[in-house]
1. Where the convex hull is taken over the Cα atoms of the range 93-195, what is its projected area averaged over directions, in nm²?
2. Anything over 22 Å Cα to Cα? Flag those among K96/K182; K174/K202; K86/K202, in the order listed.
3. Per 0.36 nm of contour for each residue apart, how much would the distance between E146 and L191 grow if the chain were fully extended, relative to their Cα-Cα spacing?
4. Would you mind calculating the gained length between D97 and E198 on full extension (0.36 nm times residue separation, minus the Cα-Cα distance), in nm to one decimal?
Amino acid sequence: KKIQIFVSDNIKYILILFSLLFFIFIAIQTYNYFLTQQLKKTSINFFNSIENSNEIFDSLNEIKNSNNIFATLSILKLIQKNNEDKNYNISNELYKDLIFSKDLDNIYKSTIAIHASYTLINASLVEKTDIYLNDINNYISNISDELLSFLSTKNELEYLLLLTDLDIKNIDYKNNSKILEKYNEIYNSNLISSSVKERVKKIHEFQLYN
């Protein structure tokens, strides 16, 4: 229970940062869309669906099947709503739609994969379930290695996934060579950011001494 609270608190902070990237993504893509095209029915439906909370799910589900930027925006909004309602199984399928089905640039796909990974790691710890772990592993694999700015985050997620698996299965951290090797890899790397090292170190020490 203690490690669940400790890790969840860290993940919630990280999720706030990556949610900001979502808003940047939405702003840039919407601007580019309006720059090259006239306002269309899809855009009107999208913004109307956000304002009308009673019909939001039906409207967004309809829009997400269209073949334009508003389909992506609708999926992002549906993910947000389902995460708020703790419908993580639905969010998980929506993340898959974006990461594996949509033609997105590497930076956007990687950002969404990061958000999906943190969200579902937190969900796994809260719900004490391993049903998301394989999908989380796939999301982490889809974080581009070409984006060096995401290298630290990718390594942190790999460590957290191992930790989550141990916690769910009640496996002893101190004697697990795989996660200890991952910790040492992160802590001794010159490529990993100091903030990630510090977060991982706190979790590591918490596991060793509590």
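Bear in mind that the values in this text are calculations on the coordinates, not laboratory data. Every value quoted in this text rests on a predicted model; they were computed, and no experiment measured them.
1. 6.8
2. Values: K96/K182 27 Å; K174/K202 14 Å; K86/K202 27 Å.
Long pairs (Cα-Cα over 22 Å): K96/K182; K86/K202.
3. Details: separation 45, 0.36 × 45 = 16.20 nm, distance 1.35 nm.
Result: 14.8 nm gained on full extension.
4. Working: separation 101, 0.36 × 101 = 36.36 nm, distance 3.34 nm.
33.0 nm is the gain from fully extending D97 to E198.
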